[in-house]
Every structure is written in structure tokens, then in C-alpha cells.
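The values are calculated or read from the model by the stated rules, or taken from the named source; none is laboratory data. Keep in mind that this is a model prediction, so the values were computed, not measured. Cβ placement follows ideal geometry from the backbone for every residue including glycine, while neighbour counts extend to all protein chains displayed.
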Amino acid sequence: MVDLLGKKRLEEEIERLRSRVAEQEEERGSLELQIERREDKIRKLTSASQETSRALKAAEQRIAALQERGAGEVAGDGAGEGEEPTTEGGRRSSGSSPRALKPGDLERLLDRLDAVRSPLDDLLSAYIAPGSNALLSLPPEVADLARRAGSLDRWVAVFSDPLLFTVALVPPFPLKKDEATAAGSFKTDPLREILDTPVLVVAAHAGETFLGVALGREGFAESAVVRSTVKEKHTKGGWSQKRFERLREEDIRQHADLVRERIPQVLEGYRSIPSFAVVSGDPALVKLIAPAIDLPILEAKIGRFDRKKPGEILEEVYGFVILRG
């Protein structure tokens, strides 16, 4: 007698295994793409090694000269060469205002920080979580800069050479570890990892929403634009204001439905890859779309994508804020 029940179980097991193989093939493809992008980045960093070596030698010579002259001469010499002005007591003034820093500029800054060395192991690298007590362990002027950079509600990275400079950087995404270390070189890897963090980008605007999966700051692996008709503004005559608003709200709900349907399609093949969803746009539309996003959501300010190239969107998504002491 044919064991029909056993045959059915075997068929179900085969189907389950096939499904699992398909998922693993999909994940492997995504990981291979990530590895390819990382290898390309390694090649770029290798090609810049000569420039980094020259910067290292210049920085070492500069530090040696400043240490010989003493802290008092350092303050006067730095102000004369275009560095931050100092007060009468030799301490730096309140410093610059926060400004945006593009990902490419950040990489160049990190290359320069990596070139700095100190035989005294006094180069401070601090990664501070919002509201962290780590501020209490920092030198007062460094802690003050971190507070001004926004450490009460944002992660902040601070790099400080006690003779030369202090700089604070606010990353676009949360960091993994709250820490502060002093060593002969700066610890910049956590910020470099930010630039390679995969994210889902949602720029939601009435009638036109951009969706994209970025595996890093260099480009989108997958993207789509969802368009529909949404009434822009009320004009005199015709519909009453209340009727217009009611119809507009219905248009927005319909547009949100289209976006929610499209999100799984854009994520197909990348479901397990993005760490965050970076969401911006009209608050009412974002509120309707958010429940369909099964990722930690980070709010951002991104202009309407039709005025930007995709690469320019990523300049904002992966952009930092910098503040100098």
C-alpha cells in the first residue's frame, strides 16, 4: 500500500527546503554585493596611502615643533596661522558654529585624523550616547563641545589633541558603543562603518514618494518612485475648504496605500540587509507609511527628490554635522 501521508510529508519537506535554498541564495547575492563594495573601498584607500604617509610625516613634524615651543607659544602660533582664535590665557575661544559635512569630506577628515600620532598616548577619541555619563570623564572643554554638538539627544563623536584641536562630529545613525579612550592615534573605525551602513530610504511627499535601498553612501542598489494624484492647494470658488481638505486627505491615504504596497517589492532580495529606515517628508504621509516599515525608523530632513539626483539624496542621508572647539 502506498504511504500517501508519508509522500505528502516528503513533498512538504522538499518544498520547505527549496524555499530555504531560495532565501539563502537571495541573502548570498546581497552579501556578495556588499563584499564587492567593500573591496572597492579598500582599493581606493590603498591608492591614497602615499598621500596619507605624507600627511603623517608632516603631522609628526608639526607636533614635535609645537611640543618644543610649549603650550603658550602653541596658542599664539595657531591663531596666527588661521586656526581658532585664543583667549588671553591661551585657551581656545568658544569655537565655530555647527555645519553640515558631506560623506566625502568626512572621509578626507578621517584620513587626516588617522595620520596623527602622539608618543604621549594623549589623543582622545570619545563616542558619547545621548545623555551619557561619559561626559563627566572628559576634560571640561571637550565635554562642553560635546554638549554643544547635541549629546543630550544625539550621538556625538569627539576627537581631541590637547595641543592642537578638538572636533565634534554628529553622525546620522546611532553608534554601537559608548566609550572614551586616549591612545597614540585616533579611533575612527566606528565613523567609517557609518558610511557603509545599509539603509532603506523613504522620501515621502504628497503624490510622489522615493524609495531606495542603499548598501552604503555610494549609491542605491534598488530604488523606485511611487506617483499618484494629490490635490496641492485649495483655490477660491468651487469646492468648500472642508470638502477640499477631505478629498486631499483621501488622496494622501490612497498614495500611502500605494507606497506600502511597493515597499516589499523594493526590499525584495535585501530584506535582511538594511539596519535602519531613514524617513522624511510630509508628517501625515509618513505617519501612514511607517506601520509598513519593519525596521528602526530614523527621521531626517530630505528635500523633494525630484530636485535632486539619487546621489545627492545620499549626501543628506549619510551627512554629518561638525563642530570645532
(Q) Being under 14 Å from the mean Cα position of the chain (by Cα) and either at pLDDT below 90 or in the same structural domain as D294 (by TED's automatic domain parsing) (or both) is true for just one of E218, E232, E208, E222. Which residue is that? (A) E218
Q. If the Cβ limit is 9 Å and pairs must be 6+ apart or interchain, which residue in the stretch 121-136 that is part of a helix (DSSP H, G or I) pairs with which residue that is of a type in the set (K, R) and at pLDDT below 95?
A. L135/R147
Q: Write out, first by first residue and then by second, each pair whose Cβ atoms fall under 7 Å of each other, whose residues are 6+ apart or on separate chains, and whose first residue, in the stretch 288-313, is in the same structural domain as R154 (by TED's automatic domain parsing) and more than 15 Å from K102 (Cα to Cα) while the second is assigned to a helix (DSSP H, G or I) and at pLDDT below 70.
A: none
**Q.** Tabulated pairs, the stretch 21-39, first not assigned by TED's automatic domain parsing to the domain that holds A214, second of a type in the set (A, V, I, L, M, F, W, C), C-beta under 7 angstrom, 6+ apart or interchain
**A.** S30/I273; L33/L215; L33/A221; Q34/L215; R37/L215
Q.
Just to be sure before I move on: is V142 in contact with a helix residue (DSSP H, G or I) (Cβ under 6 Å, 6 or more places away or on another chain), touching a residue at least 12 places away in the same chain (Cβ under 8 Å), assigned by TED's automatic domain parsing to the domain that holds A129 and more than 30 Å from S228 (Cα to Cα) in the structure I sent?
A. no
Q) Among A292, A300, A277, which is of a type outside the set (S, T, N, Q) and touching a Leu at 6+ places or on another chain (Cβ under 8 Å)? A) A277
Q. What number of residues within the stretch 280-291 are out of contact with any strand residue (DSSP E or B) (no Cβ under 8 Å at 6 or more places or on another chain) and either in a strand (DSSP E or B) or surrounded by fewer than 16 Cβ atoms within 10 Å (Cβ to Cβ) (or both)?
A. 4
(Q) Within the stretch 144-235, considering only strands (runs of 3 or more DSSP E) that don't extend past its boundaries, which have at least 2 residues that are farther than 22 Å from D282 by Cβ? (A) 156-161, 165-170, 179-183, 208-216, 219-227
Q: Inspect the stretch 183-193 for any residue being in contact with a strand residue (DSSP E or B) (Cβ under 7 Å, 6 or more places away or on another chain), farther than 30 Å from S137 by Cα, surrounded by 15 or more Cβ atoms within 10 Å (Cβ to Cβ) and modelled with pLDDT of 90 or more and give the result as yes or no.
A: no
